[in-house]
Every structure is written in structure tokens, then in C-alpha cells.
Amino acid sequence: MELETLYALRSPVGLPSHPIVFLVLLVLTWALHILAVYVMLGSTALALCGSVLAGGHWRRLSAAMLETAKVAVSIAIVLGVAPLLFVQVIYDPFWYVSNVLSARWAIGFIGLLLAAYWLLYYRYFRNGRETASHLTLATVLGLFLLCGFIMHGLSSEMLRPELWMRWYAPGGHIDPSGSALHDYNPWRFLYFVGLMVPVTGAWLVGYRGYLERCGERDTAYLDWVTALGKRCMSAGGLFSLLIYVSWMSTLPASAGGFAASAGSLIAVVATLALAAGPLVCRAGSGYYRPMLAAGVAILLIAASREALRLKILGGGFGYDILTYPVHFDTYSTLLFFITFAVLGGSTVAFSIALSWEAGKAQGIYTASPRIARLGNASLVALAVWLAQYFLFGFLTMIG
Amino acid sequence: MEIPGLYPTWYEPLLGSGWVLGIIAVIHVLASHTSVGAALVSTWLATVAVRQNRPELLDYVRRYGVFLLVFSYVLGSITGPGIWFSATVASPRGLSALIHSYVWWWATEWVFFLIEVIGIYLLVYLAGRVDSRSYLQVAWIFGVASWATMLIIVGILSFMLWPGQESWFTEGGSLAGFFGPYTVAQILTRTCFMVMAAALAGNLIASGIEEPRFRREMTRTLARVGMTAAILGSLFFQWGLATLPESAQLLLKTRLPGYFVPTLWAILAGIVAYFAALLAQPDWLKPSLAAAMMVALLIFGIWPEERARESMRKPFVAGQFVYANQIIARDVPALGVRSELQLLAEQGILKSHPFIPDPLRRVNPGNQLEAGQALALVYCSNCHGLGETGPRPMTRMLAGNRNADEIERLIKGALVTGNMINMPRIPLTDEEARALALFLAGLPLWQAVGP
Ligand code: HEM
């Protein structure tokens, strides 16, 4: 594709804010998405291991991880919606083409994810009452991975504008079936999926900290979980680094020189930091530190992933995302940021604080004055939000 | 040469891309409306349960919550992005126009959606585990956030059909596209519909209550709520129709399929009768009956409504400026958007579409049929199956006519000039019209050998 065509594919409507704003949000929300995906994949994998090994500690861990997986899927999906929105805003010429060229996969993704999710619930409600439970869990994990692979394929195809026509009209004859997933890189996929090992390791160490807080007495189990988590972190992190190197050696020519750039160095350092996670672990609330470190590392990896895309599209094809035309829309820009920061901030803080404390308490938990105030603040924010919605609606209608 | 920003085309011969999108959308509408309605009903029931200290009612709220979590949230949260994915592949530029105009509104909806998903977990897991004030806060945050998601999507959907204020075209601004004369009526109608769907779903759970007295009480309560919502909803719907400008009223009359209005009334009557029967005889309620009513609503209620909306906005797919076949057909001066019809009439789409393979750029005797197929794919396949299957299959459209000259005359007389209601103007050049006519004339055969 010519550069001129890539620009022509942009929406003529333009953007309601500067492209850089969307780029930052894309990286940020994708990091959150993939973090939840890692916990989801890791807990499913551990639940599977546990149900295969079936002995002592594994049995207990397996049940706990099944609970985690169930919640993590829904969080991963919700958090996936935001990057899905932002990626089409600034990368529409690329994202839409890759989706159309693999349309059946993009649609199939929905069915596969639905099947995986329901199968997980099925397994959950029948916990212990089923003989072929390994098979169910293995299927769930396989389906999740397949969903991830489709995402990976779509993200890869968008970076190969030079091959689009060859995929769409092989030999000069149009094939509109959208039946092939045209591009993938096993190393890239393995890297972005394999990071679940160190992240889940950090999650396990945090899980230990939480159990301890709740007054868990079985120290043998606690120590076993911690050791397992630390092993996952260091071994998984180092292994990921190896995969990263292999991936970098297979980048297409359009990525010219990315492997040795600062953007790539960030990913190397962040991956190493994951491997070094056990070093920051301390007793007490220090058990949560590895997870915090993992969050930061994944954010850096997300930034590096974006740097690669910018390098390929900008360096390889001369496409400049900063030249996207902007028709600034004041109202909706403010609406989002204020809703996100004030309303989202207070309600999510309230929800997390309340469930956290209630989880630790024995019997009925009575909210502390601070949490109660947070709850009230959230309700007030919601009321104000509704009021402004109808106010602006009214003003628009009479204006 | 100027390049129109057209994408490749995805073609699904059996259902057509539009129906794939339609099916996912209908499932999503049922799931998401049930979820929001259920959030409102749960908030109310939880409030009653806490105020009157009734543990069995709280337990009902929790069980209802689990059902919602497994059924509507899973379905709703996956089919939601599913609509984006299917709209992306069926109508990339239509979706793109909506996304680029309303990205911040959608992002705001996402914040509410996040709160909603966390809220349903809390409602289920914290029932009976926190003090009553906190539980009420959880319930109300959940209820209001759910309703807010609907407030946002209502405006985006009505923009898709018709930008709220005419001034949007000349002055822009997302508010002007969002709020229109129909907005309030639509919010009320949808809210009622949501509560009605939630009452149907709630009955499914109520039918599983062991204790007969409580089961009858819940069944009756939900029947009362559902019946009120159904009746109010239809009044609001009528009011909404009355708020439409005269031109849109006329459009409704000419475009809606004849069965639409009678079907709507029949559904309403059926649902009211169902709830009335339960009020009189709550013991009639069985899980199978409750489930059957949900399915009936899906098939008879939402499907025609979605189809009607689709035909209402024909030939446009978004904001009255993007055609269903992805061509931009109207200037939007506020955004600098320009109609592409002139450009395509002058240059021809085969020459200017970025995704036409080079051998088809020029029509010649050797590639006429294939060029015709490419034209049909680009210009027609969004609304017509290119053979005997799919929506409005092309073979049936031509009433069996296989005479290329006559088809060419029809194309030039009606399509190129834009003289067919419900159909976009198709700015073909002469050689393109010839190629398309030859392709259409050879259809069944071509379908057998083509892709
Ligand atoms: C089973 C569930 C899922 C898994 C395992 C998964 C995994 C992944 C992976 C591995 C990537 C990175 C691909 C790459 O860069 O090579 C990715 C990207 C992405 N995923 Fe997911 N995902 C899942 C569900 C979802 C859902 C439900 C959504 C949307 C609602 C979503 C939205 C995205 C988006 C928007 C991207 C980034 C696209 C880009 O920036 O190019 N994912 N996902």
C-alpha cells in the first residue's frame, strides 16, 4: 500500500482530541487488559495442573485458582474493550483492514470466547462432581489461547500493509471470504502469552500475603505457594527473555533496527525485572510488592510494544499518526476524563476497599467511616453525572 | 487522482454480513437490556430487603445476581465487543464514523461498564456479609451505573439513525448529534423494555424458589412490575413516534414492513396476558414457561425491531452520510467530510478504489465478468446476496431477467441516477455499468464457479 492510500483510509470525520491522547490511553488500557489476561491464563493453567496432580497443596490451590480464573475472565474482557476502542481510533486504516481480511476469525473469536467462558462456569459449578474435569479445563485453556492467537494475528496483519493486496487478491483475483489468518509470529505470540508465568508467579505471592492477612494458619501451604510463585517469576522471566531475543531476530525488514533501539531495551529491562521479582518480596504487606513490580514491568512492555508499531508504521512506511486531523470536541473530552477520574476513581476505590475489608473480616463487616464516605461520594458523583446529562441534553434541544 | 478511503470487502454468501451483525446484535440487545433492567429491579429489591430486614428476599437478589452473572453478563460483555468486531468486518467505514464521532462517549460508557461488572460481583458476594448501609450503597451504585450505560448508547444509536440536530452537519459537536427530539421518549421506552425483560428473567429464578408462599409473592411482584413496564413502555413508544418530524413519520409509513406494527401489538398483548395470568395464578409459573417467554421475546420482539431500524436508515448505515455500501454520500461541512459520489462518477470505482487488483482496473473483454463481480461485491453485497442465497438475493431482485442489455438499461436508468427508494445512488461509469450488467446476467452460473 502506498502511504497516500494509508492516509486516505483514515476516517474523514477526524479525531475529537489529539492523537497522542489516544495513544497514551491505548498503551495504558492495553497494559491493564493484558495484566488481567495473564492472571486469567495463569490461574486457569494452575487450576488445570492442580486437577491433574490432585495431591495435597495442589488440590487446594486448584480450587482457589478456579475462583480467580472465573473473575479474571470477566475483568480481562471488560478491560479489553478500552484498547479495542482506542486502537480503531488512531490505527483505523490498519486495524480495519486486518479485521476484514480475517473476518471469520474476528467473528469466530466471539464464539470461542463465549464457549470458553461458559465451559469455565460449567466446570466451576460442577467442581468435584465430575470425572473428566482435566479435559474441561484443558479445553478452556486451549480456547483462551486460541482467542489470544486470533488477537495476535490481527495485531500482526495490521503491521504488513505491503502484503495486504497479496492476501486479499491472491494472483489478482479477489477472495472476499476472510477465511485465513494471514500473518503471525510464533515468537511474538509465545512472548506475549508466556509472560503469564512470571505475572502469575507474582500473583501467587500476593495471594499468600492475602491469606496470611485473613488469618490463615497452614504455614506449610503458605510457604509452598510462595516458593511456587517465586519460581514462576524467576524461571518464567528468564525464559521470556530468551523468547524475546528470538522474536527480535525474526522481525520483518520494515522494523529495521528496532531490536537494538531504546524501545526494545525497555522491554528487555522490564522482562529482567519480572525475573528479579522475588528480590523485592518482603514479609507482611511486602508480599504485594512483586505484583506491583509486575504491573509496572507490563506497562513498560506495553509501551515497548507500541514503540515497535510506531517504528514499523512510521519508519518502515512513513505513516505519521500525529498528522491525524483533529476536530476538538470539548464536551465529550471533558466528559470522559472527569467521569473516569472522579466517578470511576471513587466507585472503584470504594468497591475494592469494601470487598477487601469484607474478605478479611469474620462475620458481617461494618464499613469504616472512610469507606462509608467513599460510598457516599460515589453516589453523589453519579447523581451529578445524571444531572449534567439531562442538563446538556436540555440545552442542546432548546439551543 | 483522488483516492476514496474504501476498505476491502468481506462477503458471506449464506447469511450476508448484515445478518451476521444482526444476529449478534439481537443477542446483545436481549442480554444487555435484561442486565440493565435487572440491575434496576435488584436495586429496588435489595433496598426493600434491607429496609424490611427480609433475608429470604436478599437471598433471592443474590440468586438472581448469579443467574445474571452467568447468563446476561457473560453474553452481554462478549457480544458487546462482538458487535464492534462484526460491524468492523461488515461495515468498517460506518463503524469508523460512529467511533470517531463518539469515542469519548463510548469511553465514558466503558467506565460505567467497568463499575457495573464490579458491582454485580459485589452484589452477589457481599449479600449478607456487610452492613446494610454499605450493601445499599453497592446496590445503588450498581443500579445507576447500569442505567447510565443505556443513557449513553441511546444517543449513539440515534445518531447512527439520524443526527439529533440538523445543525450537526454544519456546526458539528458531539452533543448536537447525540440529543434529538426523540431522545427522552427513547430513554423511557427502553427503560420500560429493560424492566420488562428483567421481570421475565426474574420469573425464571422465582420459579425455582422452594417455599410456596414466597414463590407466589415474588411471581406476583414481578408480574406486576413487568406488566406496568410493558404498558408504560408502549405508551412511551407511541409518544416517541409522535415526536418524530413529519418527514420521518412518512418514512416510517413507507419503509416499515407491513407486519411490523401488528407484530409489535401482538407481542405486547401476549406479554401483558402472560403477566396477568401469573398475577391470577402464580402457580402456573414453571421454569420452562419462563424460559420460553424469554426466547419468544428474543425472536418476535427484538428481531423485527432491529430489522425495522435497519430498513429505516436505508440507504445509509451511519449518520445519514455513510451509505450501507461504505460510500460517503453527503457533505458534512462541519467536519470537512465530502461526498465521494462525484469523484466515483468521474473516475470510476474500479480505477480509484484502493483494494481493486490491478488487472481489474480497466474493463476489457477478457475480464468483464470478473470486473462486474468486483463491482457487485463493492457496491451491492452489503445489502444483496450475490446469487440465490443471503439477504435480498440478486437473482430474485431481477425477476428472472437474464438479458444483459435490459439489466444495463435498468442500472443506468435507476441505479446510476439514484432513482430507487431504499437504494443508494450507484455512480457507475458506462463501462462499469456494462460489466456489472454482464455479471448479473450470468449470475447463477458465476456463483457456481466464483468464490
Ligand atoms: C481469552 C481472552 C483473551 C486473550 C487470551 C487475549 C490475549 C491477547 C494478546 C496475547 C494480545 C497481544 C497480541 C499481540 O500483540 O501479538 C492481545 C491484544 C489485544 N486484545 Fe486481547 N485477549 C483476550 C480477549 C480480548 C477481548 C475480549 C478483547 C476486547 C474486548 C480484547 C482486546 C484486545 C485488543 C484491543 C488488543 C490489542 C490490539 C492492538 O493493540 O493491536 N482481547 N490480547
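Out of everything in segment A:369-399 that is facing chain B (nearest Cβ under 8 Å) and among the polar types (S, T, N, Q), what residue ends up being farthest from residue B:173 (Cα to Cα)?
Here the answer is A:376.
Scan A:178, A:142 and give me the residue that is out of contact with any Pro (no Cβ under 7 Å at 6 or more places or on another chain) and more than 11 Å from the ligand (Cβ to nearest atom).
Working: A:142 fails: more than 11 Å from the ligand (Cβ to nearest atom).
Unique residue meeting the criteria: A:178.
For residue B:157, indicate whether it is part of a helix (DSSP H, G or I) and within 10 Å of another protein chain (Cβ to nearest Cβ). Please lay out each step first, then the result.
Values: part of a helix (DSSP H, G or I): yes; within 10 Å of another protein chain (Cβ to nearest Cβ): no.
It is false that residue B:157 is part of a helix (DSSP H, G or I) and within 10 Å of another protein chain (Cβ to nearest Cβ).
Return the residues of segment A:211-237 that are surrounded by fewer than 17 Cβ atoms within 10 Å (Cβ to Cβ), free of Cβ contacts under 8 Å to residues at least 60 places away in the same chain and in a helix (DSSP H, G or I); say none if nothing qualifies.
A:219, A:223, A:227, A:231, A:235
Any idea which of B:76, B:65, B:119 is surrounded by 24 or more Cβ atoms within 10 Å (Cβ to Cβ) and within 22 Å of residue B:211 (Cα to Cα)? Walk me through how you get there before you give the answer.
Working: B:76 fails: within 22 Å of residue B:211 (Cα to Cα); B:119 fails: within 22 Å of residue B:211 (Cα to Cα).
Step by step, each of B:76, B:65, B:119 is checked, and only B:65 is surrounded by 24 or more Cβ atoms within 10 Å (Cβ to Cβ) and within 22 Å of residue B:211 (Cα to Cα).
Which members of segment A:1-40 meet the condition of being within 18 Å of residue A:93 (Cβ to Cβ) and under 15 Å from the mean Cα position of the chain (by Cα)?
A:26
Which one of A:160, A:123 is crowded, with 18+ Cβ neighbours inside 10 Å, of a type outside the set (A, V, I, L, M) and away from the ligand (no atom under 15 Å from the Cβ)?
Values: A:160 fails: away from the ligand (no atom under 15 Å from the Cβ).
Answer to the check: A:123.
So which of A:235, A:260, A:220 ends up being within 17 Å of residue A:306 (Cα to Cα) and assigned by TED's automatic domain parsing to the domain that holds residue A:195?
Numbers: A:235 fails: within 17 Å of residue A:306 (Cα to Cα); A:220 fails: within 17 Å of residue A:306 (Cα to Cα).
Going through A:235, A:260, A:220 in turn, just one is within 17 Å of residue A:306 (Cα to Cα) and assigned by TED's automatic domain parsing to the domain that holds residue A:195: A:260.
Residues that are within 16 Å of the ligand (Cβ to nearest atom), touching an Asp or Glu at 6+ places or on another chain (Cβ under 6 Å) and small (Gly, Ala, Ser): find the helices (runs of 4 or more DSSP H) completely inside segment A:1-112 holding 1 or more of those.
Working: elements: A:3-8, A:19-53, A:56-90, A:92-101.
Because the criterion is at least 1 residues that are within 16 Å of the ligand (Cβ to nearest atom), touching an Asp or Glu at 6+ places or on another chain (Cβ under 6 Å) and small (Gly, Ala, Ser), the helices (runs of 4 or more DSSP H) in segment A:1-112 that meet it are A:92-101.
Going through segment A:336-347 one residue at a time, which ones are within 7 Å of chain B (Cβ to nearest Cβ) and either farther than 14 Å from residue A:382 by Cβ or under 21 Å from the mean Cα position of the chain (by Cα) (or both)?
Correct list: A:336, A:340, A:344.
Being aromatic (Phe, Trp, Tyr) and either surrounded by fewer than 22 Cβ atoms within 10 Å (Cβ to Cβ) or outside the structural domain of residue A:25 (by TED's automatic domain parsing) (or both) is the filter here, so list the residues in segment A:38-95 that pass it. Steps first, please.
Filtering segment A:38-95 down to residues aromatic (Phe, Trp, Tyr) leaves A:38, A:58, A:86, A:91, A:94-95.
A:58, A:95 - these are the residues of segment A:38-95 that are aromatic (Phe, Trp, Tyr) and either surrounded by fewer than 22 Cβ atoms within 10 Å (Cβ to Cβ) or outside the structural domain of residue A:25 (by TED's automatic domain parsing) (or both).
Name the pairs: first residue in segment A:7-27 and at the interface with another protein chain (Cβ under 9 Å from one of its Cβ atoms) and under 25 Å from residue B:320 (Cβ atoms), second residue assigned to a loop (DSSP other than H, G, I, E, B) and among the β-branched types (Val, Ile, Thr), Cβ to Cβ under 8 Å, at least 6 apart or on different chains?
Partner pairs satisfying both residue conditions: A:8/B:3.
Among B:151, B:161, B:157, which is within 12 Å of residue A:382 (Cβ to Cβ) and surrounded by fewer than 24 Cβ atoms within 10 Å (Cβ to Cβ)? Can you show your working first?
Working: B:161 fails: within 12 Å of residue A:382 (Cβ to Cβ); B:157 fails: within 12 Å of residue A:382 (Cβ to Cβ).
Checking each option against the conditions leaves just B:151.
Here is a list of conditions, (1) within 11 Å of another protein chain (Cβ to nearest Cβ); (2) surrounded by fewer than 18 Cβ atoms within 10 Å (Cβ to Cβ); (3) in contact with a helix residue (DSSP H, G or I) (Cβ under 7 Å, 6 or more places away or on another chain), and residue A:104 meets all of them except one; can you say which number that is?
Checking residue A:104 against (1) within 11 Å of another protein chain (Cβ to nearest Cβ); (2) surrounded by fewer than 18 Cβ atoms within 10 Å (Cβ to Cβ); (3) in contact with a helix residue (DSSP H, G or I) (Cβ under 7 Å, 6 or more places away or on another chain), the one that fails is (3).
Which pairs turn up if I take residues in segment B:1-28 that are more than 10 Å from chain A (Cβ to nearest Cβ) and look for partners that are among the basic types (Lys, Arg) with beta carbon separation below 8 Å, at least 6 apart in sequence or on another chain?
B:22/B:307
Determine, yes or no, whether residue A:190 is within 12 Å of the ligand (Cβ to nearest atom), assigned by TED's automatic domain parsing to the domain that holds residue A:314, within 22 Å of residue A:297 (Cα to Cα) and in a helix (DSSP H, G or I).
Numbers: within 12 Å of the ligand (Cβ to nearest atom): yes; assigned by TED's automatic domain parsing to the domain that holds residue A:314: yes; within 22 Å of residue A:297 (Cα to Cα): yes; in a helix (DSSP H, G or I): yes.
Considered against the rule, which asks whether it is within 12 Å of the ligand (Cβ to nearest atom), assigned by TED's automatic domain parsing to the domain that holds residue A:314, within 22 Å of residue A:297 (Cα to Cα) and in a helix (DSSP H, G or I), residue A:190 comes out as yes.
For segment B:75-108, name all the residues that are more than 21 Å from residue A:109 (Cβ to Cβ) and more than 7 Å from every other protein chain (Cβ to nearest Cβ).
Hits for segment B:75-108 are B:93, B:102.
I need the full set of residues from segment B:170-196 which are buried (at least 21 other Cβ atoms within 10 Å of the Cβ) and away from chain A (no Cβ under 12 Å), in order please.
B:189, B:190, B:191, B:192, B:193, B:194, B:195, B:196
Just wondering, is there one or more residues in segment B:65-73 that are part of a helix (DSSP H, G or I), within 16 Å of the ligand (Cβ to nearest atom) and in contact (Cβ under 8 Å) with a residue 40 or more places away in the chain?
Taking segment B:65-73 as the starting set, the residues that turn out to be part of a helix (DSSP H, G or I) are B:65-73.
Then drop every residue that is not within 16 Å of the ligand (Cβ to nearest atom), which leaves B:73.
Then drop every residue that is not in contact (Cβ under 8 Å) with a residue 40 or more places away in the chain, which leaves B:73.
Checked segment B:65-73: at least one residue is part of a helix (DSSP H, G or I), within 16 Å of the ligand (Cβ to nearest atom) and in contact (Cβ under 8 Å) with a residue 40 or more places away in the chain.
Inside segment B:335-347, can you point out the residues that are facing another protein chain (nearest Cβ under 10 Å) and either in a strand (DSSP E or B) or touching a Ser or Thr at 6+ places or on another chain (Cβ under 8 Å) (or both)?
Residues of segment B:335-347 that are facing another protein chain (nearest Cβ under 10 Å), as a first pass: B:335-338, B:340.
B:337 - this is the single residue of segment B:335-347 that is facing another protein chain (nearest Cβ under 10 Å) and either in a strand (DSSP E or B) or touching a Ser or Thr at 6+ places or on another chain (Cβ under 8 Å) (or both).
Show the residue pairs that are 6+ apart or on different chains and have beta-carbon atoms under 7 Å apart, the first residue being within segment B:288-316 and at negative phi and β-branched (Val, Ile, Thr), the second being surrounded by 16 or more Cβ atoms within 10 Å (Cβ to Cβ) and at pLDDT 75 or above.
B:302/B:26; B:302/B:29; B:302/B:30
The values are calculated or read from the model by the stated rules, or taken from the named source; none is laboratory data. Computed from a predicted structure; not experimentally measured. Quick reminder, even Gly has a Cβ in these numbers, built from the backbone with ideal geometry, and neighbours come from all protein chains shown.
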